[in-house]
Amino acid sequence: MRWFNIRGWSDVTIATPYLWLVIFFLIPFLIVVAMSFATRTTTSPPFSFGVTDNYLDFRNYARLFQDDLYIRAFLTSIKNAAMATFVCLLVGYPMALGLTRVSKSARNILLMLVILPFWTSFLLRVYAWIGLMGTNSWFNKLLTSAYNTLVPQAWELNSIHLMNTNFAVVLVTVYSYLPFMILPLYANLEKLDMTLNEAAMDLGSRPFRVFLDVTLPLSVPGIIAGGLLVFIPACGELVIPGLVGNPSNPMIGRVISDEFASARDWPMASAVAVALLILMVGPMMLYTYYDAKAQEKKAMEP
Amino acid sequence: MKQRPTFLITALCFGFAFLYVPILSMIAFSFNNSRLATVWGGFSTKWYGKLLSNDKIIDAAILSLKIALVSATVATILGTMAGITLARFRRFRGRTVLSGLVTAPLIMPEVITGISMLIFFILIATMIEKLTGLRTQRGFTTVTLAHITFSLTFVTTIIQSRLLSADISVEEAALDLGSRPWQVMKDITLPIISPAILSGWLLAFTISLDDVVITNFTTGPGATTLPILIWSKVKLGVTPDINALATITVSIVTIGVIFAGIAMNRAERRRDLDAQMAFRSNQ
């Protein structure tokens, strides 16, 4: 574009957001990376470099593998996040596909209904589930009586223990992140060429076969985008496990914030954060790749 | 050949029930007379009265709105600049770095963003104290700076994708016809992206209003935003006045979304009409 390259306009437009992001995002991030090689001391601020013989202290990273608290936290996070992503896909995929099959006016209203919870407070949605999962709530009583009619009398329960379990974390994560799964999937499924389905039907495929052979393979980019949008934030989630999770089996977000605030061990907190980031690099790059591809496609469209 | 996708319709019904039953339950129990948040004890609106007379909650809500207004506005300005840069400038030094800086906060786990900003702010504060002897505290300023930083990337993405799908030849034609660069900006580029700017601002506003994790790390004593207050209350257990607060939030959002939907529908219809008129007068 030529029109900006006059009178320093372009420099201002480029430099302002650039500088902002460098100062408030890149530099803090680099500080965390550097901090992970520091040693914890009792000074204020509580870290210093060069306490050991080497200028860089690798003991924080060694501790990640020695203390099984960290490995357990990582495994719990990954397990919960993967489970939530999978359930989101199971619930969200039929919904997204269903959205493409209803009439246009109904579709707009239903899409709005998918987005609406996203605009209301995240915290209040978690809170809604705390109410539902409590032992004397109508939801828990309903579940309990359904369970009691199904199992033999000896197994009957007064109430089902839902709060402060990994199950609760997965359930609330699915609830909170479901729109992130539905929307990219819908955007992908909506663009699919319906004539392909019709051709497959005409050639004698049964509807489920058509789904397996045509729709599912074509929707893989949508599945990946939606899956990563759920998996990445779910892994580092702090609020949900903090409110409904099992405190004796913490996820990695909790560990980072505890190391920092309660233990005042900034270097260790930074090392755990860097380790989480390294684990997430693969999924993140995958997402960026698919996102860039989608943007390119969008730019190519008339 | 049209067959009713029964399974998909059933899935939609169950999905929406899953999404809305908790919210509806919360609304119902906000009118509960009982002190227990989830056991029905008759109709009452007392929790609304309790909520509105709670100064702590009102103060926190005002603080949250202030932070959201300031941070959404600054983030929209910066994000629009970054969006125009990424969509319209083909080549400049450090382009890859900028696009990386814009996507990274979007997908970075919030805990990491929060902790890196906290460490940054603490170090800056110690530096200020060493240099000038002034003791600074984290609070409104630090929270606002943090909110601007991570919501500006959402604005950038919206603006960028709007500009990428817009026709660049209109801007080039205006230049060829002798418009000055700022005229092109004012008369063509900004009008094209104005809906994107508005939705970017709204998104930045709600993100700021809703944020818990990053606020929790960057806030200081005396600056309790509404989400932080709710968080500390909910940690202690379920209380019925939060149900009332949730009902108010949901109502405001629903009304807002319905109005936005109507306005967008109207604008679309008017655009269609204009296009038809232009088409006819050309014939």
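The values are calculated or read from the model by the stated rules, or taken from the named source; none is laboratory data. In this text, all values refer to a predicted model and were calculated from it rather than measured experimentally. Heads up, the Cβs are rebuilt from the backbone with ideal geometry, glycines too, and the neighbour counts pull from every protein chain shown. Note: areas computed on protein heavy atoms with side chains; ligands, DNA, RNA excluded. Shrake-Rupley method; radii C 1.70, N 1.55, O 1.52, S 1.80 Å.
For the interface of B with A, what's the total buried accessible surface in square angstrom, probe 1.4 angstrom, rounded to the nearest hundred?
Details: alone 18980 and 19050 Å², together 29550 Å².
Result for this pair: about 8500 Å² buried.
Could you work out, residue by residue across B:8-14, how many beta carbons of other chains sit within 10 Å of that residue's beta carbon, and then give the average as an integer? Show your work: numbers first, answer last.
Numbers: counts 10, 4, 2, 9, 11, 2, 3.
Mean shielding by partner chains, rounded to a whole number: 6.
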Virtual spin-label span in nm between A:Asp11 and B:Ile122, 7 Å along Cα→Cβ: 3.9
Under the rule that an exposed site lies in a DSSP loop and has at most 12 other Cβ atoms within 10 Å, name the longest stretch of chain A with no trypsin sites (Lys or Arg not before Pro) of that kind, not counting the sites themselves. A:8-302
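Rounded, prolate or oblate: pick one for the stretch A:68-300, where a ≥ b ≥ c are the square roots of the eigenvalues of its C-alpha gyration tensor, a/c under 1.5 means rounded, and failing that, prolate if a/b is larger than b/c, else oblate. Write out the running numbers ahead of the final one.
Details: a/c = 2.16, a/b = 1.30, b/c = 1.66.
Oblate shape, in that a/c is at least 1.5 and b/c is the bigger or equal ratio.
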Work through the residues other than A:Ile252 whose Cβ is under 14 Å from its Cβ and net out their charges, Lys, Arg +1 and Asp, Glu -1. -3
Please report the spacing between the Cα centers of the stretch B:185-239 and the stretch A:25-49 in Å, no decimals. 28
Hey, got the average number of other protein chain Cβ atoms within 10 angstrom for residues in A:131-141? 5
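Which trypsin sites (Lys or Arg not before Pro) in the stretch B:55-107 pass both tests, a DSSP loop state and at most 14 other beta-carbon atoms within 10 Å?
Working: sites: B:Lys56, B:Lys66, B:Arg88, B:Arg90, B:Arg91, B:Arg93, B:Arg95; in loops: B:Arg90, B:Arg91, B:Arg93.
Qualifying residues, ordered by number: B:Arg90, B:Arg91, B:Arg93.
At 1.4 Å probe radius, can you tell me the per residue accessible area of chain A in Å²?
On the way: 14800 Å² over 302 residues.
The answer is 49 Å² per residue.
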Structure-based [θ]222 nm, the protein assembly as shown - -39500 (n - 2.57) summed over DSSP H runs of at least 4, per residue, nearest 500: -24500 deg cm²/dmol
Enumerate the aspartates and glutamates that B:Lys233 could reach by cross-link, defined here as Cα to Cα under 20 Å, with residues fewer than 8 away along the same chain left out. A:Glu237, A:Asp258, B:Asp55, B:Asp59, B:Asp210, B:Asp211, B:Asp241
Which whole number gives the average count of other chain Cβ atoms within 10 Å of the Cβ atoms across peptide A:36-48? 1
How many angstrom lie between the Cα centre of the stretch A:144-218 and the Cα centre of the stretch A:52-112? 17
By a straight-distance test (C-alpha under 17 Å), which lysines pair with A:Lys297 as possible cross-link partners, with residues fewer than eight away in the same chain excluded? A:Lys191
What number comes out for accessible area per residue over the stretch B:57-238 if the probe is 1.4 Å? Units Å², please. 43
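Starting from the stretch B:119-205, pick out the trypsin sites (Lys or Arg not before Pro) whose DSSP state is loop and whose Cβ has at most 12 other Cβ atoms within 10 Å.
B:Arg135
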The stretch A:242-266-the stretch B:14-85 distance, computed between alpha-carbon centres (Å): 26
Got a sec? Which residues of the stretch B:106-140 lose 50 Å² or more of accessible surface with every protein chain in place, vs. that chain alone, 1.4 Å probe? B:Ile107, B:Met108, B:Pro109, B:Val111, B:Ile112, B:Ile115, B:Ser116, B:Ile119, B:Phe120, B:Leu123
What is the percent carbon and sulfur in the accessible area of chain A, measuring with a 1.4 Å probe over the protein chains and ignoring ligands? 67
Of all stretches in chain B that avoid chymotrypsin sites (Phe, Trp or Tyr not before Pro) placed in a DSSP loop and having at most 14 other Cβ atoms within 10 Å, the longest is B:93-283
Please list, in order, the residues from the stretch A:102-122 whose amide nitrogen is less than 19 Å from a point placed 7 Å along the Cα→Cβ vector of A:Leu196. A:102
At a threshold of 8 angstrom on Cα-Cα distance, excluding pairs fewer than six apart, so keeping six or more, what relative contact order does chain B reach in percent? 31
